[in-house]
Amino acid sequence: MTDTTYNGWTNYATWRVNLEIFDGMNPHDMTGQSEIDEGIFAEVLKVWAEEIIYNDCPNGGLAADYAMAFLQEVNWHEIAAHMIADYA
């Protein structure tokens with residue numbers, strides 16, 4: 001079995017997306033709520049990242065396809081839990 005963890009995260013994709021997109025963002029500011037459900041917030045993060053790709057590549061194409069495939073590897077619950085814990 002191969003260890004795919006990266007810098008303490010599930011994998012490279014999770015680490016990179018957290019670092020490049022969500023690092024330093026306050027989940028309460030993002031949702032406008034004081035109580036945040038991790039499962040719902042994980043889905044919010046996924047949609048947020050997908051919208052960035054759609055905005056940068058409105059016509060789709062190869063780059064958008066690769067970016068969307070990269071996002072499939074992200075552990076959204078891990079990022080959500082990390083962000084919630086950081087701002088608890």
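General observations
- Long-range neighbours under 9 Å by Cβ, at least six apart or interchain, first residue charged (D, E, K, R) within the stretch 12-35, second part of a helix (DSSP H, G or I) and modelled with pLDDT of 95 or more: R16/F70
- Qualifying positions in the stretch 34-47 - modelled with pLDDT of 95 or more and exposed (fewer than 15 other Cβ atoms within 10 Å of the Cβ): D37, G39, I40, E43, V47
- Restricting attention to the stretch 1-25 and to residues that are within 13 Å of the chain's Cα centre (by Cα) and part of a loop (DSSP other than H, G, I, E, B), the residue that is farthest from M83 (Cα to Cα) turns out to be N11.
- Count of the stretch 34-44 residues, restricted to those that are under 11 Å from A80 (Cβ atoms) and either of a type in the set (S, T, N, Q) or assigned to a helix (DSSP H, G or I) (or both), is 7.
- Residue in the stretch 16-24 that is touching a Cys at 6+ places or on another chain (Cβ under 7 Å), farther than 20 Å from A88 by Cβ and exposed (fewer than 15 other Cβ atoms within 10 Å of the Cβ) present: no
- Residue check: T31 meets all listed conditions (1) over 16 Å from A85 (Cα atoms); (2) β-branched (V, I, T); (3) surrounded by 14 or more Cβ atoms within 10 Å (Cβ to Cβ) but one, namely (1).
- Residue ID - modelled with the highest pLDDT, chosen from residues in the stretch 48-65 that are within 17 Å of R16 (Cβ to Cβ) and acidic (D, E): E50
- Candidate set from the stretch 55-70 (those that are surrounded by 14 or more Cβ atoms within 10 Å (Cβ to Cβ) and of a type outside the set (G, A, S)); member that is farthest from W15 (Cα to Cα): C57
- Of the criteria (1) surrounded by 14 or more Cβ atoms within 10 Å (Cβ to Cβ); (2) part of a helix (DSSP H, G or I); (3) under 12 Å from the mean Cα position of the chain (by Cα), which one E73 fails: (2)
- The residues on offer are T10, T2, T14, and the sole one that is at pLDDT below 95 and among the β-branched types (V, I, T) is T2.
The values are calculated or read from the model by the stated rules, or taken from the named source; none is laboratory data. Because the structure is a prediction, the values reported are computed rather than measured. Ideal geometry is used to build each Cβ from the backbone, glycine not excepted, and the neighbour counts take in all protein chains shown.
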